[in-house]
Every structure is written in structure tokens, then in C-alpha cells.
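Undergrad: Please see the structure below; I have some questions.
The values are calculated or read from the model by the stated rules, or taken from the named source; none is laboratory data. Keep in mind it's a predicted model, so treat the numbers as computed, not measured. Neighbour counts are summed over all protein chains in view; Cβ atoms, including those assigned to glycine, are modelled from backbone coordinates with ideal geometry. Side chains are part of the model used for accessible areas, which takes the heavy atoms of the whole protein and leaves out ligands, DNA and RNA. Shrake-Rupley method; radii C 1.70, N 1.55, O 1.52, S 1.80 Å.
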Amino acid sequence: MNTVDNWDVIVVGAGPTGLMLAAELRLGGVRPLVLERKSERRDTPKAGGLGGQVLELLRYRGLLDRFVNACKGPMPEPKFPFGGVHLDLTGLQDGPMHALPLPQAKLEKVLDERVEELGVEVRRGHEVTGVSQDDDAATVDVQGPDGTYRLTARYVVGADGARSPIRESAGIAFPGTAYPEVNRLAQVTVPDTAVVHANGDLEFPGLGTIAAGFTRTDRGLMGLAASPGNQVVSLYTTEDELTEYDDDVPMALEEVQDSVERVLGLRPPVHTPLRLSRFTFKARQAERYRKGRIMIAGDAAHQFPATGVAINAGMLDAVNLAWKLAAVLGGRAPEGLLETYHDERHLAGARTLLHTQAQVALRRGHDEAADALRAVFQELLADEPALRRMGALLAGADVRYPVPGADRHPLTGAFSPDLPLRTAAGATSVAELMHAARPVLLDLAGRSDLVEAAGKWADRVDVVTAESDGRPADALLIRPDAHIAWAATVNESADTAAPSLEQALTDWFGAP
Ligand SMILES: Cc1cc2nc3c(=O)[nH]c(=O)nc-3n(C[C@H](O)[C@H](O)[C@H](O)COP(=O)(O)OP(=O)(O)OC[C@H]3O[C@@H](n4cnc5c(N)ncnc54)[C@H](O)[C@@H]3O)c2cc1C
């Protein structure tokens, strides 16, 4: 077996999390290697879209247009399912939650192109079969197309999905719950003899009719969306079932026909599927996101019992981890920086678990009391502050990391707002300042004391002086992941602001 030394970071898995991590690591000047067990990019239909705060992050990197251009349609109306009710965010100005109708296979293609252009090596058809670590390095055993080999790296990140062999090898517990429920979704073609009535009911002459919308039977839930003149219909079923499915194994058409037959007693004679997918709901979170030189991210670290949130969480794990690994590998990280990856992203994951489990409670009840709960919840959402709050929760936009000194300013720990800025060089914005994924001290009040203090970190922290109407702070120290590490209150005295800035710079970016 060959041993080839010595990578900075080996990323295991080329899903959305692993690819995003590799791209962000390159921005930080790190040389990652991505190992992916499958030999081809997968085309199993998984997520139908990308939503949440990661879209803001991609915009802050100047990359959002690529993802928008890869979508077949425009941005969808901002209405989101939430545990059997709908969050209708259409009326909100600058709502916190956005989504793109970008199927996962296309998302992965865009990310793949991005890592290729950044010069990342992705080895497909190379499965990691074991991982170990000591004080100096982590070692992975790999089964490649030409046999087995061994690699070492300073760090290994398991972005290897919910069954994560890396998490298992590292002995990280993954406690939680699997809900005994299987959902199947199919876009299929109906035969010429079928009739879609004006009300959306679908009739198969001689066999029976499936009602438009949702039908509940004692075997499960049936959903139908069909329109007259269109031979393609969407079928959806939910059944209580405890089978463990592998999300990467595609579902056959017969499986959804069997399911409809069990739920409704009618086997639909449909054919030529356009999309077939099955999803199950689990609420699990790894106890640790880091064990020494081994880290986990994405589905390897968490599974949520609702759709639409997992990729957002995984890609944001990657963004949080990348700049910290880059700082450690660059020899300029303060003690404990890598540990904040666990602290911050475990907290963010716990918030996503909180609302997705609340969705389970809202969705799974089918008696009058549950109907009443949904009705009350929907009523509360008529109030704009409640709606905005739920939108932010759904997007993961409200996560405020528990950074030191978080009590000094309400923005500390939060994702930086995209302030429009006027600088001596012209108009810009916080989003534009984040393209390079470098830390920025943004001086919004001509604070020479703070600019001078930050000068000692000029090799690693950019300083930008700008004006912004209604400035929320005299200065913001923004991390590469766009979260605010530190802020000076408006007109804060130099006596307190400068020393506390120096402390924050040391805490986050190391001694000058
Ligand atoms: C039907 C369905 C619908 C979904 N809808 C949504 C949705 O609407 N929104 C949403 O956000 N999420 C959705 N999800 C969830 C989403 O697909 C996952 O959250 C996402 O794929 C996780 O990304 P990841 O990169 O963390 O892991 P994965 O995508 O699972 O990628 C892990 C990669 O690691 C590789 N790997 C595993 N073991 C090894 C090894 N030993 N060596 C090398 N490589 C290895 C795997 O082959 C895989 O490519 C859906 C899932 C399903 C099944």
C-alpha cells in the first residue's frame, strides 16, 4: 500500500457540503483533496431546491448569479410548507427566507465547476475505508479504482452523508429519533384514457378516481396535483412505516404505485416518471462536530425531520469550518478556534432541529385537537413580526453565535447586514467586501483609533473606512463567514473600544 503525504485537508464526500467546503478552503489558501466513493456525479433526485441563509452567503461571495442561472425557473413565490401549514412570506418587505428552484443534481454541478476552477483535486471512485489520527496527522485508507492506498493529512472532514463512515470511525455518537413515516413523491404520466376533471380530480375509467388535494385514509395520506389538459401529474403518499431506506438508492415506479394502492386501494396505471423520490424523517445530531483532527459537517452531523433545510445547514457548516481550518493551517489561529466550529454549528443545528421537530408535532396530529393547533398557529402567522421571526428561523438567518463579548452590541455573533457603503474609492457594500472571504474591520465613523489598533493585523484583516446611512455601529469586525465578531457602539469612547477591538482581533485572528 502506498502512503502519499501530506494533504492540508482531506474532505470525504463530494455532496453539497464537501464541495462547498473545498471551495471555501481554496479561498483561504488551503490545498484540499476531495475523495468521493461514487465514480460519477449522482443524479438520484434529492432536493428540489436550495433555500435559506446560504443564498445570502453565496451572494456575499459574488456567486449567487451562477446558481440563479442554473435554475430552470424564476425565484418561486416565498411560500413555504411548515408542518402542514403554510408560511406565506409574500407580504414581507426584505423577507428573511428565499429559495431557488435548483434541483440538487444541478446544484452539485455548479459547485463541482466552482471547485474545478479553483483547482481542487476531486477523486471520484475513491472510497475511504478507514480513518485514524495521532498527534501529528490524520490517516485515511482509500479503496480506489487501481487498488488500496493510504493518505495522511493535517485534518480530515467527513462530509460523507447521514451514514457517515468517518463519524462512525471517529466514534462520535449520533443520537436522535427516526419517525416511522415514509413519504413518496412522483411526477408521472397518465395514460390517454385518464381524465383530469376541472376540479383537479383524476379519473381512471373502470378503476376509480383520486381526489385533488389531500385524502387521508386509515392507511396514510394521499396527495394529488393534476390539471386538465396536462398528462403529467404529481402523486404523493405518506405511510407509517419503519423501513430504513438508503437515500442514494433510487425509488422505482412500482414502489409508488404499491404505496398508492395500499393507501387508497387503487393502483394507478401511470408510466414514464419524470421524477421519483422518497424521503424519511429523522431528527439526529452528532454529539461532537470535532474529535481532534477529524471533523464532520452536513448530513454527517445532523438530520432534520422536515424538507428544505438540510443543504442550507450543511453548506453553512462548511463556510464556518473552512476559514478556521485555513487559519490553523496558516499558523495564525488562536488557541481554541477550531473548537468554536463545534460550538457555533452545533448551536445552529440545534435551532434547525427545534423548528423541524415542531413541524413534526404540527404535521403528524390528525384529530380535532391537532387541527385546532394548526389553525391557532396559522392565525398567529397573520402578524408580521411572528411571520418574520418564523421566516428567519426557517432560513437560519437568526443564528447568533455565542461569541465572547456578545453583550456589547446586538449585532455581535449575527450575520452581518448588507449595508450600502460609500468609500473614497466609490460605492460598495458589505456583500462586496465579503467576496474574498477575508476578515474585514469596517470603520463606519472615521475612527482612527480603531483603524490604528487593527493595523497590527494588516497581514490578515482588511480595514475599510466607509460611510453608511443610519450606521448601526461605529465599527464592525466581520469574519470571513460574514458573522460579526465584534462591534463598537455608536460614539463609543476610544478608552473602551480600542482595547476591546484588540482583544477581539486576538481572540479570532491570533496574536498580531
Ligand atoms: C428525496 C429527498 C429530498 C430532499 N429534499 C431536500 C430539500 O428540498 N432541501 C434540502 O435542503 N435537503 C433535501 N434533502 C436532503 C439533502 O439531499 C441532503 O441534506 C444533502 O444531500 C446532504 O449533503 P451532504 O453533502 O452533507 O451529504 P450527501 O449529499 O449525502 O453527500 C455525501 C457524499 O459522501 C460520499 N461518501 C459516503 N461515504 C463515503 C466514503 N466512505 N468515501 C468517500 N465518499 C463517501 C457519498 O457518496 C456522497 O456523495 C432531500 C433528500 C432526499 C433523499
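Undergrad: Give the long-range amide H neighbours of L50: residues separated by 5 or more places, or on another chain, with amide H under 5 Å away, using H modelled in the peptide plane at 1.01 Å from N.
TA: Amide H neighbours of L50: L100, L102.
Undergrad: Continuing with the same structure: What's the carbon and sulfur percent of the chain's accessible surface, probe 1.4 angstrom, rounded to a whole number?
TA: So the carbon and sulfur contribution to the accessible surface is 50 percent.
Undergrad: Counting only DSSP beta bridges with both residues in the chain, tell me the antiparallel percent, nearest 5.
TA: If I count the DSSP bridges inside the chain, around 75 percent turn out antiparallel.
Undergrad: So, one more: Report the net charge of residues surrounding A212, where surrounding means a beta-carbon distance below 12 angstrom and charges are Lys +1, Arg +1, Asp -1, Glu -1.
TA: Its environment carries a net charge of -2.
Undergrad: Moving on. Which whole-number percentage describes the relative contact order of the stretch 179-281, with Cα contacts under 8 Å and a sequence gap of 6 or more?
TA: Rounded, it is 40 percent for the stretch 179-281.
Undergrad: Can you work out the Karplus-derived ³J(HN,Hα) for every residue in the stretch 347-352? Use 6.51 cos²θ - 1.76 cosθ + 1.60 with θ = phi - 60°, whole Hz, and x for glycine or proline.
TA: 5, 5, x, 5, 5, 5
Undergrad: Another question about this same structure. Would you calculate the volume per residue, in Å³, of the smallest convex hull containing every Cα atom of the chain?
TA: 162 Å³
Undergrad: Taking H placed 1.01 Å from N in the peptide plane, check which residues at least 5 places from M295 or on another chain put their amide H under 5 Å from its amide H.
TA: Placed amide hydrogens put V156, V157, G158 under 5 Å from M295.
Undergrad: Between helix 368-380 and the chain, what is the angle of the helix's C-alpha long axis to the longest principal axis, kept within 0 to 90° and rounded to the nearest 10?
TA: Here the helix axis deviates by roughly 40 degrees.
Undergrad: Another one. When ligands, DNA and RNA are left out and all protein chains stay put, how many square angstrom of accessible area per residue does the chain have with a 1.4 Å probe?
TA: Counting only protein heavy atoms, the per-residue value for the chain is 43 Å².
Undergrad: What lysines could a cross-link reach from K456, if we take a straight Cα to Cα line under 29 Å and drop same-chain neighbours fewer than 8 places away?
TA: Cα-Cα hits under 29 Å: K324.
Undergrad: Largest first, how would V11, V490 line up by accessible area (1.4 Å probe)?
TA: Listed by decreasing accessible area, they come as V490, V11.
Undergrad: Straight-line reach from K109: which lysines fall under 23 Å, measuring Cα to Cα and dropping same-chain residues less than 8 apart?
TA: Once the sequence-local lysines are set aside, what remains near K109 is K38, K46, K72.
Undergrad: Another question, if that's okay. Provide the descending list of Cα extents for the stretch 406-509 along its principal axes, expressed in whole angstroms.
TA: 31, 25, 24
Undergrad: When the convex hull of the Cα atoms of the stretch 389-439 is projected onto a plane and the area is averaged over all directions, what value comes out in nm²?
TA: So the mean shadow area of the Cα hull is 5.0 nm².
Undergrad: Right, something else. Give me the net charge for the shell around E24: Cβ to Cβ below 11 angstrom, other residues only, Lys and Arg +1, Asp and Glu -1.
TA: Net charge around E24: +2.
Undergrad: Going by the alpha-carbon gyration tensor, a ≥ b ≥ c the square roots of its eigenvalues, is the stretch 38-97 rounded (a/c under 1.5) or, if a/c is not under 1.5, prolate (a/b greater than b/c) versus oblate?
TA: Taking the square roots of the gyration eigenvalues as a ≥ b ≥ c, the stretch 38-97 is oblate.
Undergrad: Of all DSSP beta bridges in the stretch 406-509, what percent run antiparallel (nearest 5)?
TA: DSSP beta bridges in the stretch 406-509 are roughly 80 percent antiparallel.
Undergrad: Obtain the radius of gyration and the Kirkwood radius of the stretch 179-281 from its C-alpha atoms and give Rg over Rh.
TA: On the Cα set of the stretch 179-281, Rg over Rh gives 0.96.
Undergrad: Which whole-Hz couplings ³J(HN,Hα) result when phi for each residue of the stretch 108-123 is put into the Karplus expression 6.51 cos²θ - 1.76 cosθ + 1.60, θ = phi - 60°, listed in order with x for Gly and Pro?
TA: Whole-Hz 3J(HN,Hα) from phi for the stretch 108-123: 5, 5, 4, 5, 4, 5, 5, 5, 5, 5, 8, x, 7, 8, 10, 9.
Undergrad: In percent, how large is the relative contact order of the chain, given Cα pairs closer than 8 Å and 6 or more residues apart?
TA: Computed value for the chain: 16 percent relative contact order.
Undergrad: A further question on this structure: Per DSSP helix of 4 or more residues, -39500 (n - 2.57); summed, then divided by the residues of the chain. What does that give at 222 nm, rounded to the nearest 500?
TA: -9500 deg cm²/dmol
Undergrad: Quick one: net charge around L316, please, counting Lys, Arg +1 and Asp, Glu -1 for every other residue with C-beta under 15 Å from its C-beta.
TA: Value of the local net charge: -1.
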